[in-house]
There are 2 protein chains.
Amino acid sequence: MSETRGTTPLGARRTRQRLDILQHLSAAPDFISAQGLHARLAQTGTLVGLSTVYRALRDLERAEQVDVIRSEASGERLYRRRSTSEHQHYVICRRCGRSEAVDTDIVERWAAHLDQLTGFSNVTHTLELSGECMDCHL
Amino acid sequence: MSETRGTTPLGARRTRQRLDILQHLSAAPDFISAQGLHARLAQTGTLVGLSTVYRALRDLERAEQVDVIRSEASGERLYRRRSTSEHQHYVICRRCGRSEAVDTDIVERWAAHLDQLTGFSNVTHTLELSGECMDCHL
DNA sequence: ACAGAAACGACATCCATTTTCATTAGGGGA
DNA sequence: TCCCCTAATGAAAATGGATGTCGTTTCTGT
């Protein structure tokens, strides 16, 4: 049968690399780039090809298992394992990169009306917040 | 004296290229990429080096004369001459690229409290909205 | 165990953006 | 107006993230 839809966060097949990637991604406290993740894997002796990291992250993104943002500074795409199934927004420290989920109920409610407000359909939103965390501020 | 701060939207010097770039950028109805702008200039016989376009846009961005977003599809940076001095948000048609300013008062007010809500300082926000405009929807 | 397909990984390629560096040309001061 | 200094320009090369290629490896259902 070809219609077996996978339900795991991994791809169709459970490979060592995919496992390692998911594990290290989950362990990362903050958003991390594909290259950063690749480096971190290498540091711990876990050898995974860079393309494989990119592919795994792309698949995780498709499976909505990660949140993705764009680094303001480098333009890199940064990934973070998603904890809840809801879509989330974060404040990111522009110095150290630390991130923290923010309650965006108000914005979400507002966003829900956007179709009426704008005359556009299927409006989706991306919200990125950056600031300086307490440790970095002084 | 070396402290002469320029007050024009252009750089320190008023060159033909800078003038043309600003003019074509202002004429563009929607967000446009550096390459797109460069191509548009070339089409009208206005020869400007690609690096020059990039540099002019970078300077305009620094001078807060343009709004900048990131194309979801291509990852390019897209620029648009800023009309008001206030910072603006837009809905962008994910099919044709048409953009339209959106009233985001509610979000702005919420954003003003972010410092208190999050424990981060100097929090800035970026909000990108995409949907399908009426012409493209059906 | 087997076969077919998915995943790997080293490397090539793409493409937006930046940098280099020699040349050109604003524009303030004499 | 003429000069000079330096910002601005542009062609070409470099950078760097991300994706594609393709031969090889390795899951997984049968």
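The values are calculated or read from the model by the stated rules, or taken from the named source; none is laboratory data. Not measured: the values here are computed from a predicted model. A quick note on method: Cβ atoms are made from the backbone with ideal geometry, for glycine too, and the neighbour counts reach across all protein chains shown. Accessible surface areas use protein heavy atoms only, side chains included; no ligands, DNA or RNA. Shrake-Rupley method; radii C 1.70, N 1.55, O 1.52, S 1.80 Å.
Key figures for this structure:
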quantity	calculated
Among residues of the range B:23-32, those that are under 16 Å from B:Gln43 (Cα atoms) and within 13 Å of DNA strand C (Cβ to nearest atom), counted	1
B:Tyr79 vs. criteria within 13 Å of another protein chain (Cβ to nearest Cβ), aromatic (Phe, Trp, Tyr) and not in a helix (DSSP H, G or I)	no
Contacts under 7 angstrom Cβ, first residue in the range A:37-55 being under 12 Å from A:Ala27 (Cβ atoms), partner modelled with pLDDT of 95 or more and assigned to a loop (DSSP other than H, G, I, E, B), 6 or more apart	A:Leu41/A:Val48
Members of the range A:67-83 found to be charged (D, E, K, R) and more than 8 Å from the chain's Cα centre (by Cα), listed by number	A:Arg70, A:Glu72, A:Glu76, A:Arg77
Residue, farthest from the chain's Cα centre (by Cα), within the range B:45-55, restricted to residues that are surrounded by 12 or more Cβ atoms within 10 Å (Cβ to Cβ) and of a type outside the set (A, V, I, L, M, F, W, C)	B:Thr46
Residue satisfying all of: in the range B:85-114; facing chain A (nearest Cβ under 7 Å) and open to solvent by 20 Å² or more (accessible area, probe 1.4 Å); nearest to the chain's Cα centre (by Cα) among these	B:Glu100
Selection within the range B:115-138 - more than 7 Å from every other protein chain (Cβ to nearest Cβ) and either of a type in the set (Gly, Ala, Ser) or closer than 23 Å to A:Thr118 by Cβ (or both)	B:Asp135, B:Cys136, B:Leu138
